[in-house]
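Structure, as structure tokens:
Each reported figure results from applying straightforward, stated rules to the coordinates on display, with no laboratory input. On a predicted model such as this, the values are computed, not experimentally measured, just so you know. Don't worry about glycine lacking a Cβ; one is built from the backbone with ideal geometry, like all the others, and counts go over all protein chains shown.
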Amino acid sequence: MSTRDYILGRIRWSLGRSAFERESEEQLAKRIAEPKANLIPKRGQLDHKAQLSLFVKMAKEVNATVSRIKSLENVPRAVAKYLKDHELKTSVRLASHEALAALDWSKLETVSGASEGRDMVSVVMAYGGAAETGSLALLSGPDSPTTLNFLPDYHIVVVKAEEIVGDYEAIYARMRRESNSVDFMPRAMNWVSGPSRTADIEQTLLLGAHGPRSLHILLVEEDHG
């Protein structure tokens, strides 16, 4: 048996299929059109208020910082405060997301577009968040270049409270619904849980080893009532 045959055989075994079992095109199309959810941890299956609290708790446990603000209009002020508190220059690389572009950034120096690695601070808009791990779903696209998530030292992410859900599968389900209705599908989705970290050397935790050394989340709890 070749290595290739062994690997494919192990995959078939893990899926509970025999070596000669094949799926028809109709079966494959149905499986893609009606995907089954993976295992969903119970931890995130709470009412929405509790999910928000869990999201904040889990995000902080992986070295992220969180500010809860009442309106999107307060985002530039919250960013300015973060820069001042960390003694950073008042310049940021801003994602071109329409929700961010509509805000008043006159007190800060902003540039938009992809980062080439020389930016200290980026501000992006998250697609959503998963309470079970305090993770953010970040999509690639013209209004949210992936470089903004990995190259700047200080990563500031804005996420709406209404887009925090209990688990990963809820985010995937939303993306599938939206892709069917508006021909939307990002090239990539990145799950971010806290700043970049490694403990490869003597099991000593080091932040910023291969990405941002700081992740700050602005959780917007806008009241639409």
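What to note about this one:
- Taking every DSSP helix (H) stretch of at least 4 residues in the chain, weighting each as -39,500 (n - 2.57) and dividing the sum by the residue count yields a mean residue ellipticity at 222 nm of -9000 deg cm²/dmol.
- Looking at the chain alone, DSSP beta bridges between its own residues are antiparallel in about 30 percent of cases.
- Selected from 119, 47, 167 as most flexible by GNM, with the chain as the system and alpha-carbon contacts under 10 Å: 47
- Residue among 160, 84, 70 with the largest mean-square fluctuation in a Gaussian network model of the chain, springs linking Cα atoms under 10 Å: 84
- Fluctuation leader among 78, 29, 130 - the chain, Gaussian network, Cα springs under 10 angstrom: 29
- Positive-end ranking of 126, 7, 76 along the dipole of the chain, with charges on Cβ about the Cα centre, is headed by 7.
- Positive minus negative residues near residue 115 (Lys, Arg vs Asp, Glu; Cβ under 13 Å): -1
- Scanning the chain for chymotrypsin sites (Phe, Trp or Tyr not before Pro) lying in DSSP loops with no more than 13 further Cβ atoms inside 10 Å, the longest uninterrupted stretch between such sites is 21-183.
- With eigenvalues of the C-alpha gyration tensor scaled by 5 and rooted, region 28-152, Å: 30, 20, 13
- When only the Cβ of Lys, Arg, Asp and Glu is charged (+1, +1, -1, -1), the dipole of the chain relative to its Cα centre reaches about 460 debye.
- Across the cross-link table entries 49/160; 42/160; 49/70; 30/160; 60/84; 107/160, which are compared at the Cα atoms, the separations over 25 Å belong to 30/160.
- Other residues within the sphere of radius under 10 Å centred on the Cβ of residue 128, judged by their own Cβ, net out at 0 (K and R +1, D and E -1).
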